[in-house]
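What follows is a single structure, written as structure tokens, with notes after it.
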Amino acid sequence: MTDITSSWNTPRIAILATVTSALTLTLGLLVGRFAISRGGHQNGVFLAGAPARLMDTEDLDVASKIMDGIDPARVEENLRELTRKPHIAGRTADFELVDFIKTRFLQYGLQVQITPYDVLLSYPSDEVPNTVRLLDGKENVLYDSRKDESKLSNAPGVVKPFHAFSPAGLVEGQLVYAGYGRVEDYDWLKSHNIDVTGHLVIVKYGKMFRGDKVDIAQTNGAAGILMYTDPAEFTGMKGGDDRVYPSTWWLPPDGVQRGTVFTGEGDPLTPGYPANDLAYRYKEDDVSLPKIPSHPIGYGAAENIMKHLDGLKVPEDSDWQGGMNISYRTGPGFLVPSWKIQLNVTSRNQRAKVENVFGIIKGNIEPDRYVLLGNHRDAWIYGALDPSTGTAAMLEIARTMGELVKSGDWRPRRTIIFCSWGAEEYGHFGSAEWVEQYVATIRERAVAYINMDVPVIGNDTLHVDATPLMHKLAYETAKKVPNPNPSERAAGRPFVYDTWLRVEPWLDSDKQSKRIPKIGPLGSGSDYAPLLQRAGVTSLDLWYAVDPTLYDVQWYALYHTEYEVFDIYKSQFDKDFEYLSAVARFSAEVTRSLADSLLLPLSPADYSRGLLDILHILDTNHGTVLRENLDNFEKLEKVIKEFGKDVEEFEHRLKTLDSNNPFIARQINDQMVLLERAFLVPAGLPQRPLKKHILFAENANNRYAGSSFPGLGDLLFQIELDPDPRKRWERVRQHFSAILHTIQSAGATLREVSKFMLETM
Ligand SMILES: *[C@@H]1O[C@H](CO)[C@@H](O)[C@H](O)[C@H]1NC(C)=O
Ligand SMILES: *[C@@H]1O[C@H](CO)[C@@H](O)[C@H](O)[C@H]1NC(C)=O
Ligand SMILES: *[C@@H]1O[C@H](CO)[C@@H](O)[C@H](O)[C@H]1NC(C)=O
Ligand SMILES: [Zn+2]
């Protein structure tokens, strides 16, 4: 770690440690306004040190103190504490963790606030479990999927496999295998005269959000749906190693991925508004909850059921094949015609309390500007990776920063808020309710949000998804964080950035490396979604990932199973907690930099490059049909280029700004922060009023994936199959024009403030 400190030679700028009260600050601003001279700071006539401090910028010694302060042994201890018991949202162990986190924040010298909400959750029945059975047609049970469940399931508090918000119900009949359960998979079945209407379907996990799979099955007329984890993607088979948990991180046959199948966000009964005592609550029947029973099983159970399926053999060279030692067939029907499949879902929806816990370090100079760092607290079971690694790291960042503040050596310029969100697993409930409650304040004051939900899913490279405004900061920070991998360091890659660039180079459209690591767009997989898409808070999400050239996996295999326990994390992912600590250092430094720099380290220039990138993607995917159907397609490039000019002029002004005027610094910062807000459209995306970011959101057919121009993507999806394509194209034209307008008006936020209006039409 010494090598980082030596690479920084910026002179230390003194920071006075006194805590400025709001009063001192206001007086300081008033006095300072008349007293700051061009020549530099003057002392004497002002209140103690205030005017000088107004222009203080970051102290890079603090950066190294915080990064060096992150202690892997303490991160490990945190994870051990957080994963002692299963802690699903809304039940006792979750509230015990609320107290635990609150106590820690207080110990670290942080202010604490807790926001409770009363929301609708869903739990499996403790008395009558959900069952999947194979029946012989004469009341005999040939196979019961519960037989394959692990012995660990008997530990108190372990929630049996279920899909949250599946309705209860008994479905019995024929089974159809529908691949990944995507729209195109049902199209393929239809093209082979296989109709799923009234049958149960079985689909494999992967490629898209499970809630969308239920939605699509329902739209296709299925009576119920089973989801299983195919070994091709959840074991090491393709990597050449077929050993599974507990000797490796691969999924054993009885591991079952739980999860929500609610496709909305936030409490289902109070859409758009906080679920508190003022709320109007819709009836369950009046909101969009899934209508068909759904249930997850492991590949052990799936094999025992699917090996008996009759019907069409699936094509050899297609992704309908998988890793089970069976001949994959579609059904409907079993080899013995009288056999049937039976699903009995007995789970219930239930109102419950969920809480967010906030730990706050009040800013010294701009306390009304908030830098948010957060992670959820609830887990389906022990949650050793998801989300407790995130919380273990966040607590250590809070400790390190808190102790530095207590010692009197530092107080950030802006306020830092650590957020422990409740009930994320059900559909970002804690964060969405909080945004709904405080949206006006958040839109006014939040600078940025850093999310660290599952910060380690592998130990090969850093991976970042972020809005363009955060790209530059992500690169600069990754160049400061020491590489946790000794062999990478020995190979001449001293920083996290070096390995990131090697493993995930950003390729341009000609497959040439742009010589920077790739940063992905944000989908809707975690708590950044409500902050970005409803409040326009620029966001970053990150994790240590596997090298995609070594492993053919989409996510870590033990995800949402009961095997996500402390021991497997330590033995298989991160023996010395160096990887989690590296992510903690990265997040801490991003947070500190956003909280401390006089001028925010955000990059509007990356936004204009980002817009050109997504234009290119749009053109590649849909350019031909868009040109045929829209007479103003070329205007998109034009408004993006004009936006680019606004950015250039802005950056030019930045270089010449009066560096002694705190009001100018504040104005520039507000312009950069508000740029993200400028991409929100008040009415929301077509059919999705609560998704307001016109450039980045998930794709409506797959809520995990980040997509660019999501509204256009949705409208163009299978447009050729629409019974009334003319009407659909009118909606495309309307939305396209909203995009043009939004980009054009976003440029105005960056212009010289007295000349922000356009004079042409
Ligand atoms: C696959 O199944 C066949 C027939 O059931 C069996 O003979 C074979 O040994 C199995 N292969 C493996 C690798 O388990
Ligand atoms: C299905 O579950 C219900 C409880 O919701 C239970 O009463 C019923 O006996 C179950 N039926 C079968 C066939 O398991
Ligand atoms: C990194 O991951 C691999 C694959 O599970 C594991 O074998 C190795 O021990 C891990 N490294 C550390 C330092 O934990
Ligand atoms: Zn999570």
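The values are calculated or read from the model by the stated rules, or taken from the named source; none is laboratory data. This is a predicted model, so every value here is computed, not measured. Cβ placement follows ideal geometry from the backbone for every residue including glycine, while neighbour counts extend to all protein chains displayed. Heavy atoms of the whole protein, side chains included, go into the accessibility calculation; ligands, DNA and RNA do not. Shrake-Rupley method; radii C 1.70, N 1.55, O 1.52, S 1.80 Å.
Yes/no matrix, rows are residues, columns are (1) open to solvent by less than 60 Å² (accessible area, probe 1.4 Å); (2) modelled with pLDDT of 95 or more; (3) in contact with a strand residue (DSSP E or B) (Cβ under 6 Å, 6 or more places away or on another chain):
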residue: TYR117; (1), (2), (3): yes, yes, yes
residue: LEU120; (1), (2), (3): yes, yes, yes
residue: ASP126; (1), (2), (3): no, no, no
residue: GLU139; (1), (2), (3): no, no, no
residue: ARG146; (1), (2), (3): no, no, no
residue: GLU149; (1), (2), (3): yes, no, no
- Take the residues in segment 448-468 that are β-branched (Val, Ile, Thr) and farther than 12 Å from ALA582 by Cα, then tell me which one is farthest from ligand 4 (Cβ to nearest atom). THR467
- Query: Residues of segment 440-467 being part of a strand (DSSP E or B) and either touching a Lys or Arg at 6+ places or on another chain (Cβ under 9 Å) or of a type in the set (Lys, Arg) (or both), which ones?
  - Reply: ALA446, VAL447, THR461, HIS463, VAL464
- Boolean, LYS511 is open to solvent by less than 50 Å² (accessible area, probe 1.4 Å) and out of contact with any Gly (no Cβ under 8 Å at 6 or more places or on another chain): no
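Working only within segment 538-596, note down all residues that are of a type in the set (A, V, I, L, M, F, W, C) and assigned to a helix (DSSP H, G or I). Give the derivation first.
Step one: list which residues in segment 538-596 are of a type in the set (A, V, I, L, M, F, W, C), which gives 540, 542-543, 545-546, 550, 553, 555, 557-558, 565-566, 568, 573, 577, 580, 582-584, 586, 588, 590, 594-595.
Of everything in segment 538-596, those that are of a type in the set (A, V, I, L, M, F, W, C) and assigned to a helix (DSSP H, G or I) turn out to be PHE566, ILE568, PHE573, LEU580, ALA582, VAL583, ALA584, PHE586, ALA588, VAL590, LEU594, ALA595.
Conditions tested, residue by residue: (1) over 28 Å from LYS190 (Cα atoms); (2) polar (S, T, N, Q).
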residue: ILE326; (1), (2): no, no
residue: LEU343; (1), (2): no, no
residue: ARG351; (1), (2): yes, no
residue: VAL357; (1), (2): yes, no
residue: TYR370; (1), (2): yes, no
residue: ASN375; (1), (2): yes, yes
- Task: State whether the residues of segment 699-712 include one that is among the aromatic types (Phe, Trp, Tyr), modelled with pLDDT under 95 and either crowded, with 20+ Cβ neighbours inside 10 Å or closer than 22 Å to THR538 by Cβ (or both).
- Result: yes
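Residues being of a type in the set (Phe, Trp, Tyr) and not in a strand (DSSP E or B): count how many of those fall in segment 416-439.
Here is the first cut: in segment 416-439, the residues of a type in the set (Phe, Trp, Tyr) are 418, 421, 426, 429, 434, 438.
Still in the list and also not in a strand (DSSP E or B): 426, 429, 434, 438.
So the count comes out to 4.
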- Message: Can you tell me which residue is nearest to the chain's Cα centre (by Cα) among those in segment 614-632 that are open to solvent by 10 Å² or more (accessible area, probe 1.4 Å) and without any contact (Cβ under 8 Å) to a residue 24 or more places away in the chain?
- Response: ASN621
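In the list THR248, THR219, which residue meets the criterion of being at pLDDT below 95 and in the same structural domain as ASP144 (by TED's automatic domain parsing)?
Numbers: THR219 fails: at pLDDT below 95.
One residue alone meets the criteria, THR248.
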- Item | Every pair of residues 6+ apart whose Cβ atoms lie under 6 Å, when the first sits in segment 561-575 and is under 23 Å from GLY157 (Cβ atoms) and open to solvent by less than 10 Å² (accessible area, probe 1.4 Å) while the second is away from ligand 3 (no atom under 14 Å from the Cβ) and hydroxyl-bearing (Ser, Thr, Tyr) | GLU564/TYR382
- Message: Can you find, within segment 146-184, the residue that is nearest to ligand 2 (Cβ to nearest atom) among those that are closer than 29 Å to ASP378 by Cα and touching a Ser or Thr at 6+ places or on another chain (Cβ under 7 Å)?
- Response: ALA168
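Give segment 121-161 a look and list any residue that's among the hydrophobic types (A, V, I, L, M, F, W, C) and farther than 24 Å from LEU175 by Cβ, or say none.
Step one: filter segment 121-161 for residues among the hydrophobic types (A, V, I, L, M, F, W, C), giving 121, 128, 132, 134-135, 141-142, 152, 155, 158-159.
Those that are among the hydrophobic types (A, V, I, L, M, F, W, C) and farther than 24 Å from LEU175 by Cβ: LEU121, LEU152, ALA155, VAL158, VAL159.
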- Task: For segment 431-440, state whether one or more residues are among the small types (Gly, Ala, Ser), within 16 Å of ligand 4 (Cβ to nearest atom), in contact with a helix residue (DSSP H, G or I) (Cβ under 6 Å, 6 or more places away or on another chain) and open to solvent by less than 10 Å² (accessible area, probe 1.4 Å).
- Result: yes
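What are the residues in segment 663-691 that are within 30 Å of ARG53 (Cα to Cα) and open to solvent by less than 20 Å² (accessible area, probe 1.4 Å), if any?
ALA665, ILE668, ASN669, GLN671, MET672, VAL673, LEU675, GLU676
To keep it simple, each residue is scored yes or no on (1) within 18 Å of the chain's Cα centre (by Cα); (2) closer than 26 Å to TYR559 by Cα; (3) aromatic (Phe, Trp, Tyr); (4) not assigned by TED's automatic domain parsing to the domain that holds ASP576.
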| site | (1), (2), (3), (4) |
| --- | --- |
| HIS428 | yes, yes, no, no |
| ARG443 | no, no, no, no |
| ALA448 | yes, no, no, no |
| ASP453 | yes, yes, no, no |
| ILE457 | yes, yes, no, no |
| ALA466 | yes, yes, no, no |
| ALA478 | no, no, no, yes |
- Query: Checking PRO486 against (1) under 30 Å from ALA155 (Cβ atoms); (2) out of contact with any Gly (no Cβ under 6 Å at 6 or more places or on another chain); (3) of a type outside the set (S, T, N, Q), which test does it fail?
  - Reply: (1)
- Counted residues, segment 276-297 - those being crowded, with 19+ Cβ neighbours inside 10 Å and out of contact with any Leu (no Cβ under 7 Å at 6 or more places or on another chain): 5
- Return the total of residues in segment 204-232 being away from ligand 4 (no atom under 16 Å from the Cβ), assigned to a helix (DSSP H, G or I) and either open to solvent by 30 Å² or more (accessible area, probe 1.4 Å) or over 24 Å from VAL456 (Cβ atoms) (or both). 8
- Options LEU615, LEU550, LEU532; residue that is away from ligand 4 (no atom under 16 Å from the Cβ), at pLDDT below 95 and outside the structural domain of LYS635 (by TED's automatic domain parsing): LEU550
- Filtered residues of segment 352-385 (kept if within 15 Å of ligand 4 (Cβ to nearest atom) and of a type in the set (D, E, K, R)): ARG377, ASP378
- Item | Given (1) surrounded by 15 or more Cβ atoms within 10 Å (Cβ to Cβ); (2) of a type outside the set (A, V, I, L, M); (3) closer than 17 Å to LEU469 by Cα; (4) out of contact with any His (no Cβ under 9 Å at 6 or more places or on another chain), number of the condition GLU648 does not satisfy | (1)
